[in-house]
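Contents: one structure, followed by commentary.
Values in this text are rule-based calculations from the coordinates and carry no lab data. In this text the structure is predicted, and so the values were computed from the model without any measurement. All Cβ positions, even for glycine, are placed from backbone atoms using ideal geometry, and neighbour counts span all protein chains on display.
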Amino acid sequence: MLLTQIDHVAIAVHDLEKAINYYRTAFGAEVAHRETVERDGVEEALLQVGESYLQLTTGTRPDSPISTFLERHGEGMHHIGYRVDDCAAALEAVVAAGGRAIDQTPRPGSRGTTVAFVHPKGSFGTLIELVQENTQD
Ligand code: CO
């Protein structure tokens, strides 16, 4: 099995502060990591859930993929991030199985990870992110 863990479930929201406060009030959730990825036009907050994260994410500009998603679908689940040991190998395997790569080769993600996205079409309607954690020192 190439997927070793659910890394994160990502939920697109209009107002990041409001969403964080909701999870804090309802469940006592704490923000474990927060990051703006300018290249992708997204801001995200990671809330630790066991060994995984709930990722609340919003767009930072109108042309960002999250802004486009919010405009088309409204708030809700955006993608699932699966942890893998080797992002390139997992991407190759999913493409060989008929998946449609959005990223042709792995690229830098947030938290210093290496990631690749696979299109919902060909993956039963779910946008998949393959997440390889790199050892940080
Ligand atoms: Co993600």
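Structure above, values below:
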item	result
Rounded to 5, percent antiparallel among DSSP beta bridges of the chain	75 percent
GluC sites (Glu not before Pro) lying in DSSP loop within the range 1-95, provided at most 13 other Cβ fall within 10 Å	30, 38, 51
Highest-fluctuation residue, 72, 107, 83 considered, GNM on the chain with Cα pairs under 10 Å	72
Stretch gain in nm, segment residue 86-residue 30, where the contour uses 0.36 nm per residue and the Cα spacing is subtracted	17.3 nm
Charge dipole (the chain, unit charges on Cβ, about Cα centre) - positive-most of 21, 69, 114	69
For the chain, calculated [θ]222 nm from helices alone, where every DSSP H run of n ≥ 4 adds -39500 (n - 2.57)	-6500 deg cm²/dmol
Simple Cβ-charge dipole of the range 1-77, Lys/Arg +1 and Asp/Glu -1, about Cα centre, in debye nearest 20	120 debye
Förster radius 22 Å - calculated FRET efficiency between residue 2 and residue 52, Cβ distance, rounded to 0.05	0.85
Theoretical FRET efficiency, 1/(1+(r/R0)^6), r = Cβ-Cβ of residue 72 and residue 96, R0 41 Å, to 0.05	0.85
Largest-first principal axis extents, alpha carbons of the range 33-77, Å	32, 22, 9
Estimated translational D of the chain in µm²/s (Stokes, Kirkwood radius over Cα pairs; 10 °C; 1.306 mPa s)	104 µm²/s
Most fluctuating residue given options 50, 81, 109, as computed from a GNM of the chain linking Cα atoms under 10 Å	50
For peptides 114-126, 3-15, sequence by mean Cβ density within 10 Å, most packed first	3-15, 114-126
In degrees, nearest ten, helix 87-96 long axis to first principal axis of the chain (Cα)	60 degrees
Whole-percent pair-distance distribution, where bins are 5 Å wide, for the alpha carbons of the range 1-56	4, 18, 28, 24, 14, 8, 3, 1
